[in-house]
Structure formats: structure tokens, C-alpha cells
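Structure first, commentary second.
Every number here is computed from the coordinates shown, using simple stated rules; none is lab data. Keep in mind that what you see is a predicted model, and the values were worked out from it rather than measured. Don't worry about glycine lacking a Cβ; one is built from the backbone with ideal geometry, like all the others, and counts go over all protein chains shown.
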Amino acid sequence: MKRLLVLLAALLLAVPLQASAAAPPKPYVADRNTKIDVMGEWAHPDDDTSIIGPCGVWHQRYGVKCGVIMVTRGEGGGNAVGTELGPELGLRRENEDRVAHYRSGTVDIFNLDRVDFFYNQSAPLTQYFWDSEETLRRVTRVIRTTQPEIYIGFTPTLAAGHGNHQQAGRLIWEGVLAAADPSRFPEQLRGPGALSTWQVKKVFSGGTTAGTGGTTTAANCTTGFTPAAGNLDTVAGVWTGYDSPYKWPTGNLQGRPAGTAKSWQQVADEGRAAYPTQSRVMFKGTSAPACPRFGMTQSFVPFQPNTLPDGTPNPKAGQDDAILFGATKADPGGLPAGTLEYLTFSRFFNVAGTPFQVTVQLRGKLAPGDVALTVPPGWTTDGPKHVSGSGQVTFTVTPAADAPVNQNAKISALYTSGGRTGYTDNVVRIVSPVEGRFQRWGNWQEYDEWLAGTAPQANRLGRSAAIQSMAVGSTIAVPVVVHNWSEQPQSGDVSLALPAGFTVDASSKPYANLAAGAETTVTFQLTNTDSALPVTQNVSIPITTTYGGGSGNEVLTLSVVPKTAIAKAPTAPTVDGTAGPGEYDGPTLDLGRIWQGAATCSGTDDCGVSSAGEGSTAKVSWSDDALYFFIHVRDDYQSYAVTPAECVGHWQADSVEILLDPRGNSSQVLKDTANTFKLGIFPFTNDPSGTNGNGPNGPCWSRDADNHQGYSTGPLSIGNAPGVEVASTATWVGSNETTTAHGYTGGGYDLEVKIPLADLPAAVDPAHLGLNITPYDNDDTSAAGTTTLRHIDMSTRLGWSALGSVQSDPYRWGQATVDGYTPPADRPTVPSPPNVSNPNLNGALSPQTIAQSARNGVPISGRVPSTDLKVLYAGLGRASADVYTLSRGSGTARLFLTTGRLAAIPVYTTSCTADPAPDYGFTPCAVTDGGIPAWSPDMSGHLVGQATKQVSPGVQHFSIPLTSAQRARLAAGGHLLLSYESSQNKVQAFDLRLSR
């Protein structure tokens with residue numbers, strides 16, 4: 001065999017390349033194994049569950065194939081059911097996501113291998129960690145290779161919350177643009193395996209589905225739906241009450257008749273729960289049909305509007321396949337499949353009474369016809385206009401003189417040719433002739449710049465909000481940027497309407513002779529006059545800008561945050577869990593305000609809720625080059641006790657986090673918490689032998705979501721918090737069973753903590769230290785009907801500065817001065833580059849990703865494909881698996897020997913004895929069902945062996961030793977999954993049945 005393979009390889013290498021005249025490459029067309037009809041894109045596994053039911057219906061009834069671009073595998077999070085973290089957790093979460101979607105026919109999940117670092121609210125920070133250009137390159141390759149017609153996912157706006165979600169939303173808009181643009185990533189469009197540019201037809205990112213009518217009890221569930229008055233997005237829905245192919249097994253806990261079909265909503269709800277590492281539990285309920293809806297935000301093809309010209313609902317738009325019209329199915333208007341029809345504008349922001357141009361773009365095999373525009377009442381336009389077919393036609397539109405400002409307005413076009421029609425629409429925004437907007441900064445400024453420079457169509461979703469913060473009792477500058485959108489010079493005044501507790505240096509300030517298109521800045525000095533932190537930390541400040549003939553408005557949301565002065569202790573405090581005389585003489589900080597999870601808090605004794613400092617409190621002092629904290633937490637119930645290996649993800653157990661922004665400007669420089677120091681402290685552990693080095697069941701601590709996150713104590717410490725000392729008065733009750741009393745002795749616990757300032761990522765600015773202290777209170781987390789506490793997040797979250805998601809917003813932390821402190825002269829004032837410790841999983845190390853790539857031809861992780869390697873033979877020897885390869889280059893091969901169904905490995909156990917494929921164990925037949933199968937080290941028994949080999953040019957023989965038991969398992973249908981990474985970082989994937 002070996003001599004034959006060597007001879008064959010030599011012959012292959014000897015075959016000369018045939019000289020031929022260069023011919024233009026044929027346009028690339030994805031085959032059915034590769035083609036995706038509806039693509040979703042999200043940041044983390046479980047972000048994407050909204051399409052499980054819809055994709056199941058579309059796949060079953062209309063032959064539509066869905067796929068998902070998953071930017072990360074969620075490896076940066078905690079693990080509620082196992083010990084895997086980092087890449088190992090990524091492998092497990094990838095499987096959970098595949099399990100969730102598998103039954104809906106969505107078997108292609110394109111993981112991009114970007115790092116999942118930590119919760120944040122910053123798209124710029126996400127771009128930093130993800131290498132935004134490389135990520136877009138991979139997205140673009142996946143789009144061009146799979147050629148999706150419809151794209152669904154997150155909004156790109158700051159309303160998405162998590163910065164990873166915002167950036168995943170942006171990648172939808174950027175990917176659609178890049179895939180169609182031959183100047184973007186042109187290397188993908190030439191050479192062997194060249195792709196072609198691709199135009200996605202419909203985009204659903206950031207749209208709204210607000211409206212009335214429709215149903216959840218019958219097919220075509222959007223029939224009768226009318227969008228709300230302010231909703232200008234076309235809404236498509238799909239009924240999930242259809243029968244799926246999956247049956248209720250005998251003895252199911254829900255009591256459904258055995259052998260009857262589960263609805264697609266049932267399948268969706270079961271899939272939505274398929275993420276046990278993220279604290280999900282097996283779904284044991286019975287689902288009512290639903291009507292998931294999607295708001296369209298961009299279309300390049302004709303479609304069906306929700307309402308007819310007379311204002312009544314459009315029955316065609318109510319069909320369950322309406323989302324597919326113009327994309328995977330011809331539009332009912334009768335235009336040929338493949339027709340493009342869309343609107344472009346000379347400008348998006350327009351002023352009442354000022355004309356602008358609207359161009360109707362038509363592409364395809366179209367006959368001559370007429371195009372007419374429909375504009376809002378009181379607006380005017382020319383036309384109808386004749387078109388000869390494919391091409392464009394431009395209209396002049398003038399908004400009404402009284403058109404409402406700060407609102408979008410819809411313009412639609414109808415192309416008519418014989419009995420065929422094509423409808424499309426788009427929106428513009430009417431703005432005040434002169435706008436006065438609070439000067440954006442940080443993430444808000446960056447988002448508006450992204451809209452203007454990268455994705456102008458996304459302006460329909462709205463610009464950023466006006467946001468700022470200030471310390472109680474302080475004065476800040478409030479700059480207002482005045483922009484003249486009109487066609488003539490303008491003069492007027494800017495004024496602030498102040499709530500109680502504020503004064504300003506002038507009630508109004510003028511601007512004069514502002515030229516058309518120009519802008520100027522008017523700045524106020526705003527002072528907060530409160531002597532104590534107000535009960536409501538967020539206040540609204542309307543900004544009014546007058547001009548000749550009217551005025552414009554916007555509202556500034558201002559967060560008032562606490563402040564303190566940190567005094568020097570006469571002598572360094574002794575870290576012993578008590579506040580000795582003279583150690584903490586500064587102000588008492590009230591930690592009793594709730595910022596999340598109020599529903600699980602019953603009062604002061606439960607989670608230290610306080611309005612006057614009698615609950616949870618803290619004191620802070622400094623000495624030498626360190627900060628000292630004495631923290632008192634009131635709590636009536638001990639949470640789950642973490643092991644040393646679980647001393648991360650502090651929000652899943654009783655804990656306190658100390659948050660420090662050394663320069664006080666992390667949000668301003670677009671780094672958010674990546675420039676900060678955040679220490680999560682667990683007051684007790686499940687560590688009876690004291691292996692963590694802090695005494696039996698003593699405290700533990702770790703850094704999270706900051707400049708260098710990771711374990712900070714014990715054998716697992718990565719050395720990111722040297723010199724930190726913690727003393728805790730909490731004593732673990734000794735059990736995670738609720739049958740043991742879980743009250744704290746004394747009704748709570750005290751922590752004393754020393755943090756060397758050298759541990760912070762930069763020298764402290766003693767006049768601008770950002771500070772917050774946030775207790776997390778978890779109580780009884782046992783599942784219904786059980787008595788074991790679970791390691792999951794059910795926390796009430798409190799803080800000194802208590803604002804929603806404050807853990808990720810340094811600009812909303814409290815402000816502190818460190819009186820008398822001067823940092824060492826040689827300490828850097830610029831933070832070091834952030835380190836997230838846990839790397840992302842490389843897709844070349846994922847058997848499931850390799851198998852998918854080998855099947856559909858899309859390169860692993862959207863990377864550059866290689867053709868260097870050929871596998872000449874893969875089979876079983878007497879005591880080994882043997883592989884012969886032929887390579888034209890060098891690189892690394894990862895070999896995985898697998899058995900069984902790898903595409904979706906069950907995540908729960910069930911006692912149902914008749915729950916076969918393709919239902920795959922989603923149904924409970926007992927209350928105790930929903931246990932977690934062992935995953936590591938062999939992917940629940942599916943990974944039999946693996947090896948990493950270095951590849952050199954020529955023929956090579958790789959051998960993986962096998963035991964007799966391993967060989968027997970592989971002989972019954974085993975596979976070799978092989979990934980290859982060349983020295984140029986190109987990739988290949990193989991899935992081969994092992995010969996016997």
C-alpha cells in the first residue's frame with residue numbers, strides 16, 4: 001500500500017501545468033451544499049435563538065436553508081455545569097448552539113473564532129479585541145461563499161447593550177456593503193477558487209415590529225397586521241404553530257399524546273434551553289404557538305408592504321413566507337426573480353420645505369414601464385416617469401412646510417409594466433432647520449461617526465442619545481453643537497431647562513450668522529447643588545435651540561454619581577476583618593442601592609438595601625502605596641459556595657466587586673473597563689482543606705472584565721493582583737444543600753481588603769479616581785423540586801453608584817480624590833494593553849467545525865482556503881489509525897478520530913425510552929430529567945483519539961496508536977476529521993470514513 005501511494009504521489013507531482021490562454025473567470029455560484037438562503041449573525045451562542053422556530057418552518061415548508069455566523073463561541077463566560085473554561089468551554093458551547101438549531105435544519109454555524117472577552121457596552125472596545133478589519137474580511141468571505149439572500153441579526157445601535165452585540169450588528173451592515181463592493185477584499189475575487197461579489201437582498205437589523213393585528217393561533221399569522229403609527233419598517237412574520245417532524249415520546253412529562261407532532265414553537269423553546277453552561281435548564285413545559293416577527297431595515301428587491309394604498313392590511317404581506325418575497329421567492333407583484341428595486345436619496349437629513357432628490361434603482365430583465373412615488377401628506381413630487389426597463393429614474397421631492405421634525409418619513413415607489421408591479425420604500429429624516437445637540441463624546445461620538453462614514457443607511461435607526469455624568473455637588477461644561485441644516489444663515493439662542501438641584505451660568509446663550517451647512521459650539525457651565533446623592537441618579541435636561549421662525553429640541557440624560565475623599569490612614573490598616581481605631585476615619589459609603597435584580601431582594605436584612613447607610617456600607621483609606629477597604633454587607637442567606645476552580649464569575653454567588661478606574665477617563669478614551677482594575681471577592685468558598693491558600697473555606701478573589709482578568713489567588717492565580725490581601729468574617733455553613741440552614745452568623749459579613757496601587761493598569765490620578773463597590777446577593781438558587789443550590793446567577797446587585805449595567809460603565813462610577821497621594825514618578829500614566837487571559841478557540845481544533853467545512857466547502861472560520869494538502873489514505877491498522885498525505889507546503893495537521901453523530905451531541909439526559917433521533921433527548925419523562933451528560937475529555941464519548949502533526953512537502957505517514965477497544969469503536973463507522981493550517985495561515989478541512 002505504502003509503495004503504491006508513494007508512486008501515485010510522485011506521478012501527481014510530476015504532472016506539468018497545462019499552458020492555456022487566460023480566460024475570464026466564470027462568476028462564482030454557490031452550490032446547494034454551500035448556499036444559505038437566510039443568514040443570521042450574532043456575537044455569542046444563545047444570542048441566535050430567535051430564529052430556531054422561524055427557520056424550522058421556512059425549512060420544512062419552503063425549502064429554505066438557514067445559517068448562522070457566530071462571531072465568538074462564548075468562551076469568555078462562566079460555566080454553570082462543568083470545569084471547562086477558555087477554548088475548552090468554547091468547544092462545548094459550540095455544540096450547545098448546534099444542538100439548539102439542528103432540528104430546524106440549521107446545520108451550518110460559521111464560527112469566526114473571535115475572542116469573547118467580557119461584558120462591555122463599547123463597540124470600539126470590541127473592535128480592538130476582535131481585530132475589526134480581519135473579522136469583516138471573514139464575514140465577507142462567508143457571505144460571498146454562501147450567497148445569502150436575507151440577513152438577520154442584532155441592531156448596530158447602542159441600544160443593543162453589550163458592545164459585542166453592537167459590533168455584531170454593525171458587521172451585518174458592513175458585511176452587506178463589503179460583499180457587494182469589488183474594492184473590498186479584492187483578493188477574494190481573483191486567483192484559484194475566486195469568489196464573486198454578492199448582493200444580499202433584504203436586511204433585518206435594528207427594525208421594529210410594533211403594530212396591531214395579526215394572530216398567534218393560525219397560519220399566515222401577520223394577516224391583518226398594521227404597523228404602529230411611528231413604525232415605518234415593513235414587518236414580516238411566521239407562525240410557529242405548524243406541526244414539526246418531531247414527535248412526543250411515550251411517557252412524556254407534559255402528558256401529550258405519544259406519537260403526535262410537536263409544534264415548531266415547542267421545538268424552538270426546547271432549543272432555546274439547550275445551553276446548560278449558561279445556566280439554562282431543560283424545558284419541561286408545553287408551548288403555545290407564536291408569531292415571531294422581523295422588522296426590515298433595508299431591501300434591494302421588490303416586496304409587499306404591510307398596508308395597501310387605502311390603508312387596509314395587505315394579505316400578501318401577512319403570509320408566512322412574505323419575508324422570502326423578492327429574495328428566495330419571486331415577489332407576488334409579478335416581476336422576474338432576481339429583480340433589484342430600491343431607493344436612494346441625495347441626502348438623508350432634510351428640512352421641511354426644502355427639496356431633495358429620490359432615485360429609483362431598477363435592475364434585471366425588465367420591460368418598459370412607469371414609476372410613481374408616494375410621499376407623505378402635504379409633500380410634493382414630480383412624476384410618474386417612464387423607464388425603458390433596467391436603469392434608474394430620479395424625482396424631486398419637497399417635504400411639507402409643516403413636516404414633523406425629529407421623525408423619519410417614508411417614501412415609496414411603484415414600478416408598473418403591463419400587469420406586473422414592483423413596490424419598494426425607504427425613509428428620510430426631517431430635522432429642525434437648526435439643531436442644537438449636546439456634543440457627543442466616547443462611544444456616542446464614535447457611533448455617529450460610524451453612521452456618517454460607513455453605513456449611512458443605518459441612520460434610519462437613529463443617531464446616538466445625549467448622555468453625560470457628573471459628581472454630586474460639582475460643576476461641568478455642557479457643550480452644545482449648533483448645526484445649520486437650512487439653506488440660509490441663521491441666528492438664535494440655546495437654553496437649558498434645569499430640574500431641581502441644578503444651576504447654570506446663563507439661562508440662554510446666543511449664536512449669530514451661522515452659515516448654511518456650518519456649525520458652532522455654545523458651552524454652558526452646569527452645577528449640581530445637591531449636598532447628598534439624590535434618590536434618582538438620572539435626570540433629564542431639555543436643550544432648546546431657536547432660529548428664525550422656530551426652535552428645535554433634544555434631551556440630555558445626566559447621571560449624578562457619588563463622590564468621596566479618600567484620606568490617608570495614620571498607620572497602615574491591619575487586614576484582619578475588623579475596622580480598628582484610626583484605620584478608616586473617612587466618610588461612610590452607602591452600598592445599599594439596587595441597580596439590578598430588585599425582585600429577589602426582600603429588604604435590609606436580605607440584601608442590605610438602604611437609603612440612609614444602615615444597610616451595606618464601606619469605608620476607604622490609603623496608606624503608603626495601597627488602598628484599604630472595610631466593607632460591611634448585610635445578607636440573610638448564604639449562596640452557593642464556589643470551589644477554588646469556580647472563583648471566577650463572581651455574579652453567580654455572594655460576592656463584592658471593587659472597581660477602580662485609575663485615570664478616571666476609561667470611557668472617554670473608548671476602553672471602558674479594559675483600562676480599569678476590577679476585583680471580585682467571594683467571602684467564603686467550598687475549600688475545606690484550604691488548597692487556595694486562604695484557610696479552610698476561606699475567601700477567594702479574581703479580576704474580571706478589566707485590564708488583566710483571570711484568577712488572582714491560589715494555585716490557579718495568573719499573578720494579576722500581587723499583594724492583594726483579603727480578610728472575611730464569613731464562615732461557610734458547610735453544605736450547598738438547602739436542608740442545611742444558610743443564614744449568616746450576625747446577619748451578614750465583613751470584608752477587609754488591601755489593593756496595592758501598583759496592581760492598577762496605570763498610575764492613579766489622585767484628583768480623578770473612578771470608584772465603585774458593588775455587592776452581589778444570591779440566595780436560594782435550587783431548581784424547583786430540588787434541594788441543591790446551583791452555581792447560577794440569580795443575584796440582586798447593589799452599589800455605591802447604582803445605575804443599570806454600571807459594572808461596564810466607568811463614567812457612571814463614583815468619583816474619588818486621594819488626598820495627599822502622589823504616585824511614583826516612574827509609574828506609567830497610560831494603561832498597559834488589556835489582557836483577557838482566556839484565548840479563543842481556533843476552529844482548526846473543533847471537530848464539529850472541521851466536519852462542517854469539509855461538508856459545505858466554506859473555509860474554517862472564514863479564513864483563506866488552502867489546496868496544499870491531499871489525503872491519500874485514512875484507515876485502521878491492527879493497533880493504530882494510519883493516514884497518508886501528500887502536501888505541496890508545510891503546516892500543521894490536527895487529526896481527530898470520531899464516532900457517532902457528531903453534528904449535535906445531546907446536552908441533557910432523559911428517562912424517555914422512546915425518544916429517538918431526530919428528537920435527540922429534548923423531552924423529559926420524569927421531574928428529575930434534565931441532567932447533564934459528561935462532556936470532557938472526549939465530547940461525550942464521540943472523540944476516540946486525536947493528534948497534532950507537522951506537515952512537510954511530499955508524502956507523509958501519520959499513525960495514531962489505538963487500544964483494541966478504541967479500534968473496535970472506530971471500526972463501526974469511525975471518521976477521520978483533519979484540519980490543516982499552512983505556514984501562510986491558510987486552512988483546509990477533511991472528513992473521511994476510515995477504511996478497514
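Overview of values
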{"item": "Listed residues Thr909, Pro810, Val472: farthest to the positive end of the dipole of the chain (Cβ charges)", "result": "Thr909"}
{"item": "Rg followed by Dmax, in Å, when region 416-549 is reduced to its Cα trace", "result": "19.3, 74"}
{"item": "C-alpha center-to-center spacing [region 492-507, region 225-254] in angstrom", "result": "50 Å"}
{"item": "Within region 434-561, percent of DSSP bridges classed antiparallel, to nearest 5", "result": "85 percent"}
{"item": "Structure-based [θ]222 nm, the chain - -39500 (n - 2.57) summed over DSSP H runs of at least 4, per residue, nearest 500", "result": "-4000 deg cm²/dmol"}
{"item": "In region 478-570, the GluC sites (Glu not before Pro) that fall in loop regions by DSSP, at most 16 other Cβ within 10 Å", "result": "Glu487"}
{"item": "Relative contact order %, region 575-719, counting alpha carbon pairs below 8 Å whose residues are six or more apart", "result": "16 percent"}
{"item": "Per-residue ³J(HN,Hα) for region 125-140, Karplus 6.51 cos²θ - 1.76 cosθ + 1.60, θ = phi - 60°, Hz, x for Gly and Pro", "result": "5, 5, 4, 4, 6, 8, 6, 4, 5, 5, 5, 5, 4, 5, 4, 4"}
{"item": "Span from the region 546-582 Cα centroid across to the region 298-334 one, whole angstrom", "result": "53 Å"}
{"item": "Amide H contacts under 5 Å for Ser508, placed H, 5+ residues apart", "result": "none"}
{"item": "Those aspartates and glutamates that a straight Cα-Cα span of less than 14 Å connects to Lys35, excepting residues fewer than 8 apart in one chain", "result": "Asp108, Glu149"}
{"item": "Listed values (1) 1.10; (2) 1.02; (3) 1.25, entry calculated as Cα Rg over 2.2 N^0.38 Å", "result": "(2)"}
{"item": "Electrostatic dipole magnitude of the chain [Cβ: Lys, Arg +1; Asp, Glu -1; Cα centre; debye, to 20]", "result": "4580 debye"}
{"item": "Reachable aspartates and glutamates, given that their alpha-carbon falls under 13 Å from the alpha-carbon of Lys619 and they are not under 8 places away in the same chain", "result": "Glu583, Asp585, Asp590, Asp750, Glu752"}
{"item": "Percent RCO, i.e. relative contact order, over the chain, from Cα pairs under 8 Å lying at least 6 residues apart", "result": "11 percent"}
{"item": "Positive dipole terminus of the chain, leading residue within Phe225, Leu496, Leu158 (C-beta point charges)", "result": "Phe225"}
{"item": "Whichever lysines have a C-alpha closer than 21 Å to that of Lys316, once near sequence neighbours (fewer than 8 apart) are set aside", "result": "Lys201, Lys202, Lys329, Lys410"}
{"item": "Region 434-561, relative contact order [Cα under 8 Å, separation at least 6], %", "result": "33 percent"}
